[in-house]
Amino acid sequence: MKKKLIVILCMLVLLGFSIYLITQTKDADRTVTEESVVEIEMPKLPEQIFDFEKDSLTENCSIDDPMFCAIEIAVKCTINPEFSLCAKADLPKFIFMNEPGLDRPTEMNYKIVDKKILGNGTTEIYTESNCNGNWFGLCQGTIIYVMAQKPENVWYVKDIYGIE
């Protein structure tokens, strides 16, 4: 009878100790979870519609933000690859193509609708765009500008693609 009592007492101590460890682990998990949740406030996206025509392009950017200015330069060079800013702009090579039958727009507008920061050091800027040409399908509908930074923290358009 004494042996049974000792075994039962040991089992109760072991059960109590197990419950204590389980509750401590849950509290530690809760603390880590609460500390690791950090809200990142995304900068506000411009709500205006940017509108450009080949005959009235200016060298100034419409908005004072290096990333959005790089997109504006890409749009201006899409409309007119001989525009003065295009010579020193770091843009995808296809923007400068000059083939017969290339339906390059002479008017284009866009609105920035979303921004996604990717893990590979690039950022995607989503736009809703309209133009009076076709130009590889990269000026009508949802157009995404893949942005990257040079070591000098200068933003440039790394790639452009569209979603139908």
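The values are calculated or read from the model by the stated rules, or taken from the named source; none is laboratory data. Everything numeric in this text was worked out from a predicted model, so none of it was measured. Glycine gets a Cβ as well: all are built from the backbone with ideal geometry, and neighbour counts include every protein chain shown. Accessible surface is based on the protein model in full, side chains and every heavy atom, while ligands, DNA and RNA are left aside. Shrake-Rupley method; radii C 1.70, N 1.55, O 1.52, S 1.80 Å.
Rounded to the nearest 0.05, the FRET efficiency derived from the C-beta distance between Lys54 and Val154 at R0 = 22 Å is 0.25.
Which one is right for this structure if mean projected area of the Cα convex hull in nm² is calculated from it: (1) 16.0; (2) 14.8; (3) 10.6? Recomputing mean projected area of the Cα convex hull in nm² here gives the entry labelled (1). Entry note, the chain: the mean residue ellipticity at 222 nm calculated from DSSP H runs of n ≥ 4, each adding -39500 (n - 2.57), is -10500 deg cm²/dmol after division by the residues and rounding to the nearest 500. By the Cβ-Cβ criterion of under 4.7 Å, the unpaired cysteines of the chain are Cys10. Per residue, the solvent-accessible area of the chain (1.4 Å probe, heavy atoms of protein chains only, all protein chains present) comes to 68 Å².
Past 25 Å, Cα to Cα: identify those pairs from Lys54/Lys150; Lys116/Lys150; Lys76/Lys116; Lys44/Lys93, in the order given.
Among Lys54/Lys150; Lys116/Lys150; Lys76/Lys116; Lys44/Lys93, the Cα-Cα distance tops 25 Å for Lys54/Lys150; Lys44/Lys93.
In degrees, nearest 10, range 0 to 90: what is the angle between the Cα axis of helix 66-79 and the longest Cα principal axis of the chain? The angle comes out near 40 degrees.
Counting only protein heavy atoms and a 1.4 Å probe, tell me what percentage of region 103-158's accessible area is made up of carbon and sulfur. Whole-percent figure for carbon plus sulfur exposure: 45.
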